[in-house]
Amino acid sequence: MASPQLSFDVDAARRRFSALDQSLVFFDGPGGTQVPDQVIEAISTYLRDSNANVSGPYETSRRTEALVASARQTAARFLGCGPDETIFGANMTTLNFALSRTLGRTLEAGDELLVTRLDHDANVAPWLELAQDRDLVVRFVDIRNDTTLDLEDLAQQLTSRTRVVAFPVASNAVGTLTDVRRVADLAHEAGALAWADAVHYAPHGPLDVTELGVDLLVCSPYKFFGPHLGLAFGRRELLEQWRPYKVRPAPNEPLGHRFETGTLPHELLAGFVAAVEYVDSIGWEAICSWERELGQRFLDGLPPNCRLHGLPSMEGRVPTFALSVEGLAPAEAAARLGEQGFAVWHGNYYALEVMRRLGLEDAGGALRIGFVHYNTPGEVNRLLDALAPLG
């Protein structure tokens with residue numbers, strides 16, 4: 001196979017990651033990416049030079065306040081929203097539980113919530129728990145056999161009682177993209193909120209919440225080369241209406257801060273800013289083109305002992321692949337690849353409904369392989385060579 005001819009120097013990018021200077025090949029990006037050295041340096045520099053809480057009448061506290069403001073500006077630029085519409089938290093799951101509970105204060109018994117069978121459970125379980133507490137109705141939108149979201153099923157399930165349509169931008173299990181704008185438009189036509197999980201999509205392409213038309217979006221910086229942290233966008237009109245769960249002395253401004261409990265992890269905010277600066281330095285055009293080349297290389301070379309669950313080309317997907325290896329349980333296949341120096345995942349990856357829909361639940365899920373821009377054609381070729389004799 002010929003190497004992709006792109007204006008992207010993958011070797012130069014990899015030199016910015018000390019973590020990649022080892023024999024292990026990282027195809028585990030869907031579970032969390034490696035971080036460039038500038039993220040590590042930003043975190044350590046903050047802890048060394050500026051570690052303090054906010055609101056103090058001294059220099060390190062003022063530096064921390066400036067950092068928090070910078071993080072909000074960076075998040076706004078990354079998501080395409082206003083700085084006051086950004087919310088930080090421990091992780092996406094924690095944020096989603098908290099924000100869904102906040103919305104729950106406005107819901108009444110019998111209101112309906114739609115989730116999808118393409119979702120990670122972090123955008124399913126919060127709604128199931130809320131329904132249990134508030135006597136709500138949760139309905140599941142199906143996926144087609146090719147793992148694309150069934151928009152006709154979605155449209156049929158919308159009613160005048162639908163309050164939320166919760167859905168992923170991309171599947172963390174099979175890599176399928178959704179038509180976010182279409183889903184949002186359908187939700188809004190029914191008077192419901194469009195509540196998007198962008199955790200899996202965020203390292204693979206740009207986000208613009210205004211263009212996407214969503215009301216709330218959650219993601220995780222540790223999936224796009226940053227530290228373990230959660231990030232959310234909430235439309236200003238919603239955040240102004242909702243009553244947050246907060247301690248009484250906590251300020252109400254900026255708007256998104258009302259939904260952040262306790263002291264923010266300031267050192268991780270420094271790492272987050274550095275991660276976005278890193279992505280900006282590479283550029284989404286280079287990232288998307290390189291990943292598309294890597295993904296198609298993998299799909300073109302997939303050996304016959306591997307069954308792909310999902311779309312057969314890079315159209316409509318990100319480079320995350322769920323496989324069944326003939327004659328091997330997913331856990332055994334992952335273990336054998338691990339012994340050969342490949343970091344891959346197995347199981348359901350918390351995407352319970354996808355595995356049930358594909359009939360993989362009793363089989364132990366699937367083998368998951370994911371590429372990001374720091375992977376190389378040579379690594380993909382080595383993986384294909386390793387897959388062929390398995391089973």
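Since every read-out is calculated from the coordinates, none of them should be taken as a lab result. Please read all numbers here as calculations on a predicted model, not as lab measurements. Neighbour counts run over all protein chains shown; Cβ positions are idealised from the backbone, glycine included.
A few notes on this one:
- Going from the residue with the fewest nearby Cβ atoms within 10 Å to the one with the most, Ser23, Ser289, Ser55 rank Ser23, Ser55, Ser289.
- Label-point gap, in nm, between Ala363 and Ser44 - each point 7 angstrom along Cα→Cβ: 4.5 nm
- Take each peptide in 377-385, 120-128, count the other Cβ atoms within 10 Å of every residue, and average; sorted highest first, the result is 120-128, 377-385.
- Net lengthening on full extension, Arg382/Glu332 (0.36 nm per residue, minus Cα-Cα): 16.1 nm
- Compactness index (Cα Rg / 2.2 N^0.38 Å), the stretch 106-247: 1.02
- The stretch 206-362, Rg to Rh (Cα coordinates; Rh as Kirkwood inverse mean 1/r): 1.05
- Here the extension length gained between Arg144 and Asp185 equals 12.7 nm, from 0.36 nm per residue of separation less the Cα-Cα distance.
- Efficiency of FRET between Gln296 and Arg243 - r from beta-carbon atoms, R0 51 angstrom, step 0.05: 0.55
- Span-like helix ranges in the chain, DSSP H, alpha carbon extent 27 angstrom or more, Kyte mean at least -1.0: 59-79
- In the chain, the DSSP-assigned H stretches of four residues or longer account for a calculated mean residue ellipticity at 222 nm of -11500 deg cm²/dmol, using -39500 (n - 2.57) per stretch and the full residue count as denominator.
- Gln132-Arg356 FRET efficiency (beta carbon distance; Förster radius 30 Å; 0.05 resolution): 0.90
- Backbone phi angles across the stretch 207-212, fed through the Karplus curve with coefficients 6.51, -1.76 and 1.60 (θ = phi - 60°), yield HN-Hα couplings of 10, 9, 5, 5, 5, 6 Hz in residue order; Gly and Pro are listed as x.
- Asp280 versus Ala90: modelled label distance in nm, points set 7 Å from Cα along the beta carbon direction: 3.1 nm
- The alpha-carbon atoms of the chain define a convex hull whose volume equals 131 cubic angstrom per residue.
- Spacing of the two label points (7 Å from each Cα toward its C-beta) at Ser7 and Asn53, in nm: 5.0 nm
- Other-chain or far-sequence residues with amide H under 5 Å of Trp345's (modelled H): Arg368
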